[in-house]
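Step one of this worksheet: look at the structure below.
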Amino acid sequence: RATGGLTLRLILALPGHEAFAAKLAEAAGAEVGRLETRQFPDGEHYVRILDDPAGRQVDVVCSLARIDSLILTLLFVAAAAREQGAKRVTLVAPYLGYMRQDKAFKAGEAVTSRAFARLISGAFDRLITVDPHLHRFKTLSELYTIPCVTLHAADLLGAWIRSEAPNALVIGPDSESEQWASEVAAAADAPVVVLRKERLGDRDVRITFPDLSGYGGRQPVLIDDIASSGRTLTAAARELGIRGFPPPICAIVHAIFGGDALSEVAGASARVVSTDAVPHATNAIPLAPLIATVLREEGAALDVELARRRAV
Ligand code: R5P
């Protein structure tokens, strides 16, 4: 078992997140640790950390899309790191799941945002995430009891749009997205309009458009924080066609895309791109450099401690 290492920061990747962890480690100047995970014949989960976490900052990388199959492994990794003496265990979750059931819409429903936050808060010392879906809860601290670092991908989306769609009209899908859509548009140096959306069911939305007559000739770029059923983007893309616009580019932060959602959205769009918050075929905008800024800022303090330990 490897111990110590040259850095006090150890990055551990849950299965499926190795590529993201490697990019993060490279951008942050950290070491990727080795993790062994498997299931026993009875289906129970086995976890072993192969590099010693004692006295180190441990950052566990796991996007929380479709987390149900991985949640126990994630909790076991955090518990093992703590038990083996990690100084602080951080969950790096570029996509934070369970944020959408943030109230009981019908009597008897579980408010899963709250219950899930309790679970994570008990297992980790800190959370770093990107554009969590905050709707009825305005900040993560209303849900999570651990320190949370909330990063935003607006500038990255805007920079991508500026370079790939110079004549863009940035379109936010609903009134909640207004502030965020304006930030993306400012970074893209493009005008912005915001639509109105009414959700009629899990897979049914009604979109209302403002007057777009002043934007003829522009390339519509639909942006959204999450694409799940894809109905929001598909409905908006079709309405744009009816109004004489070319097929839009869809740029999203979190590419959840359940079932046939991607083919529906792609069929109505010129191009679909996403950040790599959720590993997906549409990933085009890397988030590791953004998250690495947080880790690098802490790097100086770690260096001081490393020097002190070497001197002992
Ligand atoms: C909702 O408020 C979000 O910003 C997204 O618009 C929504 O989650 C997209 O969901 P779907 O792809 O299922 O329409």
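Between THR293 and LYS106, the FRET efficiency from the beta-carbon distance, with R0 = 30 Å, is close to 0.10. Distant-in-sequence amide contacts of VAL205, defined by a placed amide H-H separation under 5 Å and a gap of 5 or more residues or a different chain, comprise LEU200. The residues of region 178-312 expose on average 47 square angstrom of accessible surface per residue, using a 1.4 Å probe on protein heavy atoms.
Close amide H contacts of VAL32 (hydrogens built in the peptide plane, cut-off under 5 Å, sequence separation of 5 or more or a different chain): ILE11. By the rule of a C-alpha distance below 20 Å, with chain neighbours fewer than 8 residues away ignored, no lysines are paired with LYS106. Tell me the label-point distance for the pair ARG136, ARG243, using the 7 Å Cα-to-Cβ offset, in nm and rounded to one decimal. Result: 3.1 nm between the two label points. Calculated on the Cα set of the chain, radius of gyration then Dmax: 21.0, 72 Å.
For the listed residue pairs LYS138/LYS197; LYS23/LYS103; LYS87/LYS138, the alpha carbons are over 26 angstrom apart in LYS23/LYS103; LYS87/LYS138. About its Cα centre, region 131-256 has a charge dipole of approximately 360 debye under the convention of +1 per Lys or Arg Cβ and -1 per Asp or Glu Cβ, with nothing else charged.
Axis of helix 71-83 versus longest Cα principal axis of the chain: the two differ by about 30°, to the nearest ten degrees. Counting only DSSP H runs of at least 4 residues, each contributing -39500 (n - 2.57), and dividing by the residue count of the chain, the helix-based mean residue ellipticity at 222 nm comes to -10000 deg cm²/dmol. For region 82-151, the list of GluC sites (Glu not before Pro) that fall in a loop by DSSP and count at most 15 other C-beta atoms within 10 angstrom reads GLU109.
Put simply, the C-alpha atoms of region 100-160 give a gyration tensor, and the ellipsoid matching it has half-axes of 24, 17, 8 Å, longest first. I need the Debye-formula profile for region 97-208: one equal scatterer per C-alpha, no solvent, reported as log10 I(q)/I(0) at q = 0.10 1/Å, two decimals. At q = 0.10 Å⁻¹ the computed log10 ratios are -0.40.
From a point 7 Å beyond the Cα of LEU151 in the direction of its Cβ, which residues of region 167-181 have a backbone N at a distance under 20 Å? Residues 180-181 qualify, since their backbone N sits under 20 Å from the label point.
The values are calculated or read from the model by the stated rules, or taken from the named source; none is laboratory data. None of the values given here were measured: they were computed from a predicted structure. Heads up, the Cβs are rebuilt from the backbone with ideal geometry, glycines too, and the neighbour counts pull from every protein chain shown. SASA here: full protein model, heavy atoms, side chains in, ligands and nucleic acids out. Shrake-Rupley method; radii C 1.70, N 1.55, O 1.52, S 1.80 Å.
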